[in-house]
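FYI, it's all coordinate maths here, none of it is from the lab. Please read all numbers here as calculations on a predicted model, not as lab measurements. With ideal geometry, Cβ positions are generated from the backbone for all residues, glycine too; neighbour counts draw on all protein chains shown.
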Amino acid sequence: MPSPSGLAGRELPVGTARLEPYQNWLLHDAFYSEPRPEPHPVAAFILANRGIGISLADLFTLFGSDINDGPLLAESQIELHRPLIEDADYEVRGVVESVERRRSRRIGPFDRITCRFDLFQDGVPAATVTNVFAVPRPGEDGTS
């Protein structure tokens, strides 16, 4: 399969996500953090990935891969523009920022796909999560 470089710049369907108070408590507990009303920063990652307007399986299908074929989360960056709040609705807007064909000794040829997910609460930017996926391309020579 050729590199899906034509996806760069493609906007993903808009979706929504909400962090319920009990989920916030569980998240703090999972990270050995004292539970409090202000969500742990990792909540932005969860909200972004849960709130995009398509499932992760469909996102990988868009990338020309099956979620069961082993796409990897290679990097993730969380930028908080303001503190997140529990029991609030967030609009999640996503875009495929770039697609690069690479080669690794470990996984062979793969596409390095960078997606940015922006979270908005009441129309105001709250956080940006940038995920970089490594999507294996077995049997391909790794050239663009």
Could you work out the longest stretch of the chain that avoids the chymotrypsin sites (Phe, Trp or Tyr not before Pro) located in DSSP loops with at most 15 other Cβ atoms within 10 Å?
-> 33-144
For helix 21-30, what angle does its Cα long axis make with the longest principal axis of the chain, in degrees from 0 to 90 and rounded to 10?
-> 60 degrees
Are there trypsin sites (Lys or Arg not before Pro) in the range 70-136 that DSSP marks as loop and that have at most 16 other Cβ atoms within 10 Å, and which are they?
-> Arg105, Arg106
Please name whichever of Leu19, Ala134, Ile107 sits farthest to the positive end of the charge dipole of the range 11-136, dipole taken about the Cα centre and charges placed at Cβ: Lys and Arg +1, Asp and Glu -1.
-> Ile107
Could you state the angle between the C-alpha long axis of helix 42-51 and the longest principal axis of the C-alpha atoms of the chain, as a value from 0 to 90 degrees rounded to the nearest 10?
-> 70 degrees
About the Cα centre, charge dipole magnitude for the range 53-112 (Lys/Arg +1, Asp/Glu -1 at Cβ), debye | 620 debye
Give the label of the value calculated from the structure for log10 I(q)/I(0) by the Debye sum over Cα atoms at q = 0.11, 0.19 Å⁻¹, choosing from [x] -0.45, -1.05; [y] -0.73, -1.19; [z] -0.40, -1.24.
-> [x]
